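Take a look at the structure set out below.
The values are calculated or read from the model by the stated rules, or taken from the named source; none is laboratory data. All of these numbers come straight from a predicted model, not from anything done at the bench. Cβ coordinates were reconstructed from backbone atoms using ideal geometry, including for glycine residues, and neighbour counts include every protein chain displayed. These accessible areas exclude ligands, DNA and RNA; they are computed on the full protein's heavy atoms, side chains included. Shrake-Rupley method; radii C 1.70, N 1.55, O 1.52, S 1.80 Å.
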Amino acid sequence: MEIGTGRIGSCSKEHQKIYQEWFNFADSDNDGRITGNDAIKFFGMSNLSRPDLKQVWATADSKRQGFLGFKEFVFAMQLVSLAQEGHQISHDLLNGDDFENIKPPVMEGLDALIMRKKQSSKSSSLESNGSSSNQTSPASQWFSSKSSKKISLSSVTSIIDGLKRLYLQKLKPLEVTYHFNDFVSPLLTNSDFDAKPMVMLLGQYSTGKTTFIKHLLKTSYPGAHIGPEPTTDRFVVVMSGTDERSVPGNTIAVQADMPFSGLTTFGTAFLSKFECSQMPHPLLEHVTFVDTPGVLSGEKQRTQRAYDFTGVTSWFAAKCDLILLLFDPHKLDVSDEFKRVIYSLRGHDDKIRVVLNKADQVDTQQLMRVYGALMWSLGKVLNTPEVVRVYIGSFNDKPVNEAATGPIGKELFEKEQEDLLSDLKDIPKKACDRRINEFVKRARAAKIHAYIIAHLKKEMPSMIGKAKTQQRLIDNLEGEFGKVQRDHHLPPGDFPNVEHFKEILSGYNFDKFEKLKPKMIQAVDDMLGYDIPELLKTFRNPYD
C-alpha cells in the first residue's frame with residue numbers, strides 16, 4: 001500500500017459505525033489495539049482459511065507492529081470482505097479496488113455475541129464507551145511514573161511496548177550507572193520509541209534538498225526558502241500537525257511528546273538555528289523529514305558555525321531511518337566540512353543513499369563523466385570497498401529537460417526516481433525492524449561503554465598518585481581500549497572514537513566511577529539473547 005494515499009481504513013460513515021462497534025467488541029482490554037490473540041478469536045468468525053487470514057493480517061499490519069489500530073482494523077475487514085467474494089489478496093487488488101464502497105464482511109454469530117455483551121454490561125456501558133476509542137497505551141505512563149520498576153507483561157501490547165519495558169528494566173539502569181548518556185547518547189524517552197520514521201537530507205547548498213521535500217509533498221511547507229545561494233540556514237524538521245505553523249527550536253526541544261529533547265546538549269546557539277515545521281499532510285503521517293543547512297564549501301568554511309554542526313548531524317543520523325546525501329553535477333567537490341559530516345555518519349552506512357540531483361542540466365556524455373567523478377570522490381571519503389547506491393535524477397516539479405538528456409536519459413531518470421521513491425515508501429514498513437536494530441546496537445554500545453568505564457576505575461590506585469594515573473590512562477586511551485577488547489573478547493569495530501572519548505573523559509574524576517557490576521551486564525545479555533527474540537515471537541503474524 002502506498003504511503004501518503006490515505007486509503008487505508010477509509011470507509012463510509014455508515015460502515016465506520018459498524019466497524020467501531022466490532023472494534024470495541026474485539027478489543028478485549030479496551031486499549032485501542034487488536035493484538036494477535038484478539039484477532040484469532042474475532043477473524044475466525046469470517047470462516048476464511050488460515051492462509052487467507054495470514055495474508056489479511058500481514059497486509060493490514062504492514063508496519064509489523066504486532067497489533068492493529070482502528071484504521072488498520074477497518075482495512076483488515078475490507079480485505080476479509082474481498083477474500084469472501086473470492087478475490088486473491090495481492091498487490092494488484094490493493095491498487096485497483098475502490099475501498100470506500102466495500103461492504104462489511106459476513107461474520108458468523110457476531111451480532112448475537114455483541115448483543116449478549118451489551119446486555120451483560122449495561123450498567124458499565126457509559127464508562128466503557130468513553131474509554132473504548134482511547135488510543136493511548138499503558139506504556140505511555142511508564143516513563144513518567146515513579147511506581148514499581150517491574151512492569152507487568154499484560155501491559156505490553158506491541159513490539160514497541162516490549163522494547164520500552166526492556167529498556168526501563170534492563171538497559172537504562174546500566175546506562176545511568178556508567179554515564180552512557182554523557183558519552184554516547186542521551187537517555188531514551190517515551191517519544192523516542194513512538195516517533196515516526198525520519199529521513200534526513202544532507203548536501204552542499206543549492207543541491208536541491210528543500211526542493212526535494214517539496215517535490216515529495218507536492219506543496220511548500222512553512223519556513224521553506226529556496227534560492228541559488230545558501231538559503232536554508234537552520235535545521236528544519238518537517239512533520240505532521242493539525243495546522244500549518246513553525247515552532248522555534250527552544251520550544252520543540254522541551255516538549256515531552258517530541259523526540260528532540262536530546263538536542264538541548266548542543267546549547268542555545270544550535271537551538272536558535274533549529275525549528276519544527278508542522279502541517280497536515282497524508283505523507284507526513286508516516287514519515288518526518290529533516291532539512292539541513294547546506295554544508296559549507298571552499299572559502300565559506302573559514303566562517304565557523306556557532307555550534308557543533310557534525311555533532312548535530314551525527315545525533316540526527318542515529319535517529320533517522322534513511323540519510324540522503326545530495327550532490328549536483330556542478331558541485332562534486334567534497335569539502336572538509338562535508339568530509340567531517342560523512343565521517344560522523346560512520347556506523348549508519350546501511351541508511352545512506354546518494355542522490356545525484358539536477359542531472360538533466362548536463363548531456364549524457366557529461367553525465368557519464370560526472371557519475372565517474374562522483375564515485376571516485378565518494379570512494380575516498382566513505383572508505384569502503386562496496387559501491388554505494390547512487391540515484392540519478394532531477395527531483396523537482398519541472399519536467400525532465402529532454403533537450404539535454406535525450407529520450408534514453410529521460411527513461412533512465414524516471415526509473416531511478418521510481419527506485420528512490422519505492423525506497424522511501426518502504427520506510428514505514430521497515431520502521432519497526434529498524435527500531436529493533438537500533439535498540440540492539442545501543443545495548444551493545446552501552447555494554448562496551450560499561451566495560452571501558454569499569455576498567456578505568458579498576459586501574460586507579462587506592463591512595464597516592466591518582467591525578468597522575470588518570471592523566472596516564474587518558475593519554476594511553478587507545479591502549480586501554482585494546483586491553484578491554486582482549487579481556488572481554490569484544491569486536492574492535494564496536495569501540496567508540498578515541499579522540500571524542502578523551503575529550504569527555506577529561507571532565508571526570510575516575511575515582512568516582514562504578515566498578516563492573518556483572519549482574520547488570522548479565523541482564524543486558526539475557527535481554528539480547530532471550531527477551532528480544534521472545535518478544536518478536538509473541539508479536540509475529542498470529543497465523544504463522
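Within segment 506-544, work out how many residues are among the basic types (Lys, Arg), part of a loop (DSSP other than H, G, I, E, B) and closer than 29 Å to Gln65 by Cβ.
1
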Practice task
Check segment 241-248 and report whether any residue there is of a type in the set (S, T, N, Q), assigned to a strand (DSSP E or B) and modelled with pLDDT under 90.
Solution key: yes
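Within segment 275-309, take every residue that is among the aliphatic types (A, V, I, L, M) and either under 18 Å from Gly208 (Cβ atoms) or open to solvent by less than 50 Å² (accessible area, probe 1.4 Å) (or both) and give me the one that is modelled with the lowest pLDDT.
Leu296
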Completion exercise
Scanning segment 329-380 residue by residue, the ones that are open to solvent by less than 10 Å² (accessible area, probe 1.4 Å) and part of a strand (DSSP E or B) total 3
Practice task
Kindly provide the set of residues from segment 155-206 that are farther than 17 Å from Lys319 by Cβ and in contact with a His (Cβ under 7 Å, 6 or more places away or on another chain), ordered by number.
Solution key: Tyr178, Phe183
Fill in the blank from the handout: Contact list, first residue from segment 529-541 and more than 13 Å from Lys170 (Cβ to Cβ) and in contact (Cβ under 8 Å) with a residue 40 or more places away in the chain, second anywhere and crowded, with 18+ Cβ neighbours inside 10 Å and among the β-branched types (Val, Ile, Thr), beta-carbon distance below 7 Å, six or more apart or interchain, is Leu536/Ile159; Phe539/Ile159
Practice task
Working carefully through the options Pro222, Pro259, find the one that is in a loop (DSSP other than H, G, I, E, B), open to solvent by less than 30 Å² (accessible area, probe 1.4 Å) and at pLDDT 85 or above.
Solution key: Pro259
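If I go through segment 316-328 residue by residue, how many of them are in a strand (DSSP E or B) and either over 29 Å from Val184 (Cβ atoms) or open to solvent by 10 Å² or more (accessible area, probe 1.4 Å) (or both)?
So the answer is 2.
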Handout entry: Members of segment 473-500 that are more than 25 Å from Gly311 (Cα to Cα) and loosely packed, with under 13 Cβ neighbours inside 10 Å
Key = Gly479, Arg486, Asp487, His489
Practice task
Return the total of residues in segment 401-416 being open to solvent by 30 Å² or more (accessible area, probe 1.4 Å) and either at pLDDT below 80 or not in a helix (DSSP H, G or I) (or both).
Solution key: 9
